[in-house]
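In what follows, a single structure is set out as structure tokens and then discussed.
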Amino acid sequence: MQHFKKLDLFGSVFTLNVNRNDKQYKSVIGGITSFLLYFCSLAYFIYKIQLWSSGQIQPKITSQSTTFTYQEYIFQQPPIEINMNTNMNQLDEDPFDQANNYISFAYKQSDATIESEPQIIIPTKKNVSGSSSFIIPQNISLILNPPGQKGVGQKSEVKGILYVALCDKQLSLYNITCASDEKLYNFVNKFQGIQIWVNVNIFNPETKQTQVVVLKFDMQLDFYAPFLSQLQLKITEQYIDDSIFINTQQTSKYISSCNLFSQPLSQITFQNQLGIHGFGMFMISISPDGDRQKITYPKLGEILADVGSIMSTLLSIGILAQLINSYLLEEQILYQIIASYFPDFKYHLIQKDLFGRIKSVQINNQPQDVEQYQIKLDILKEKARNKINVINQIYELSRLQFIVQGLVDRHTIINSHKLGIKWQQNQEELNSLNMNHLGLQIEDFTILSYEQLDKQDDIKIYDT
């Protein structure tokens with residue numbers, strides 16, 4: 001058992017108590033400070049929990065650029081909208097109107113194996129300026145898979161082609177009526193322009209959802225110099241960890257940006273594609289350049305650790321309260337030591353201000369000179385500090401030992417180790433020590449103890 005005892009990591013150290021009823025000295029100032037610390041810590045904890053539960057604490061977001069070799073993306077919403085540029089439009093009429101049409105749009109998807117036929121897009125709505133808008137249908141899919149890199153189970157690359165055509169009589173099959181030849185001639189000989197609105201997404205960390213942002217590109221329409229524009233959509237792969245305790249991962253992807261590159265295109269090439277004249281075409285594809293984004297939301301453990309660090313910081317303010325308590329405790333001990341040697345000291349009526357300075361002193365209801373009293377009290381307090389020094393206490397005990405040895409023979413002092421209060425009085429033992437005249441009783445256990453002062457008035461010191 002002794003070996004186990006040596007392994008004990010929880011050994012206790014005995015400490016002497018100054019107060020008889022409490023192991024620690026406590027004051028009103030310390031209590032107020034503790035209450036404020038508890039209140040501030042609890043308030044900050046509730047505040048952080050509220051922010052955390054409502055998603056207002058920003059997550060840790062890391063983003064890394066990467067190059068994709070394969071991507072497939074299905075548009076859940078229309079990716080592109082086309083409007084007339086009112087600043088460039090020199091036509092008083094709506095050029096997209098089906099009943100008096102100038103410009104028409106067609107869309108098709110192209111891959112390495114299947115070439116679909118272009119589909120005419122019908123205007124879907126009116127914009128703010130009153131002109132019609134064209135929207136590429138939703139639920140279309142684009143695939144990035146460069147030739148020669150197709151892997152097992154992967155689909156062929158799919159791109160979208162959007163044609164911007166001059167109205168032609170062939171479009172009457174789609175209930176589109178072109179403007180007169182004269183109006184069309186005047187239209188193509190004037191400076192015109194359209195706006196391409198591309199719907200991209202940004203991630204909102206607070207709602208944990210993506211929000212649509214519209215990127216606008218101005219395009220000049222020149223019938224005699226058609227354009228071929230490459231519209232590359234940039235994909236961001238996203239990995240979200242929003243669990244409370246353990247690490248989890250939710251994967252998603254969205255269109256985060258786009259790039260537009262243009263080059264000239266001959267009218268003959270456009271006619272070969274659509275069979276009618278036009279202003280240009282857009283090649284819509286997924287860009288191989290993208291991002292991988294990792295978003296990690298704070299977990300409950302991190303919130304508690306943050307609250308704990310703030311509490312530790314607040315507790316450092318308690319050092320001031322500890323210093324005040326140490327001062328007050330020392331003052332109490334010094335006054336009690338002085339009262340032990342000057343019994344009438346406890347009848348001194350001392351009044352102090354908030355800073356511990358003596359305001360007035362009365363002895364037997366007689367006012368005293370505060371300055372002279374303070375000088376004498378400071379001298380006694382300094383002497384009391386010296387008395388509670390351990391070396392001084394040992395020294396005083398050694399003096400008492402020599403005095404006792406001068407009054408009592410050495411044999412009696414040695415036998416005093418056997419002397420004490422008996423549970424059951426044994427007269428023979430007392431007679432053998434020749435100490436029967438003491439008449440020790442169990443009440444003598446505390447005859448010299450400090451608790452005997454309970455029967456008298458305490459020291460009267462008032463702080464005001």
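Here, each number is a calculation from the coordinates, and none is a lab measurement. Bear in mind the structure is a predicted one, so any value in this text is a computation, not a measurement. Ideal geometry is used to build each Cβ from the backbone, glycine not excepted, and the neighbour counts take in all protein chains shown.
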Exercise. How big is the Rg/Rh ratio for the range 259-394, C-alpha atoms only, Rh by Kirkwood, two decimals?
Worked result: 1.79
For this session: Could you run the Karplus curve 6.51 cos²θ - 1.76 cosθ + 1.60 with θ = phi - 60° over the range 260-270 and give me ³J(HN,Hα) per residue in whole Hz, x for Gly and Pro?
Result: 10, 10, 10, 8, x, 9, 6, 5, 5, 4, 5
Seminar exercise, completed: Taking N as the residue count of the range 28-88, its alpha carbon Rg divided by 2.2 N^0.38 Å gives 2.51
Exercise. Lysines within cross-link reach of Lys155: Cα-Cα under 30 Å, excluding same-chain residues under 8 positions apart?
Worked result: Lys108, Lys234, Lys253, Lys294
Problem set entry | Overall Cα dimensions of the range 155-241 - principal axes, largest extent first, Å | 62, 32, 26
For this session: Using θ = phi - 60° and the Karplus relation 6.51 cos²θ - 1.76 cosθ + 1.60, list the HN-Hα couplings for the range 286-299 in order, rounded to whole Hz, with x at every Gly or Pro.
Result: 8, 6, x, 8, x, 10, 10, 10, 10, 10, 10, 7, x, 8
Exercise. Amide H to amide H under 5 Å from Asn85: which residues, 5+ apart in sequence or cross-chain, H placed 1.01 Å off N in plane?
Worked result: Gly193, Ile194, Gln195
Seminar exercise, completed: Here the net charge surrounding Lys387, from other residues whose Cβ is less than 12 Å away from its Cβ (Lys, Arg +1; Asp, Glu -1), is +1
Seminar exercise, completed: Residues whose built amide H sits under 5 Å from the amide H of Ser360, excluding neighbours closer than 5 in sequence, are Gln351
For this session: Amide H neighbours of Ile140 under 5 Å, at least 5 residues apart or on other chains, H built in the peptide plane: list them.
Result: Phe75
Problem set entry | the range 96-102 - phi-based ³J(HN,Hα) in whole Hz, Karplus 6.51/-1.76/1.60, Gly and Pro as x | 9, 5, 5, 7, 8, 8, 10
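Hey, which of these cross-link pairs are over 28 Å Cα-Cα: Lys169/Lys190; Lys26/Lys299; Lys23/Lys48; Lys23/Lys352? Spell out each step's value before the answer.
On the way: Lys169/Lys190 21 Å; Lys26/Lys299 38 Å; Lys23/Lys48 36 Å; Lys23/Lys352 26 Å.
Among Lys169/Lys190; Lys26/Lys299; Lys23/Lys48; Lys23/Lys352, the Cα-Cα distance tops 28 Å for Lys26/Lys299; Lys23/Lys48.
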For this session: Determine the equivalent ellipsoid of the range 300-352 by diagonalising the alpha-carbon gyration tensor, then write out the semi-axes as square roots of 5 times the eigenvalues, largest first, rounded to whole Å.
Result: 43, 10, 7
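Expected output is a single nm value to one decimal: the length gained when fully extending between Tyr347 and Lys294, i.e. 0.36 nm times separation in residues minus the C-alpha distance. What is it? Working shown, then result.
Working: separation 53, 0.36 × 53 = 19.08 nm, distance 7.49 nm.
Extra length available between Tyr347 and Lys294 comes to 11.6 nm.
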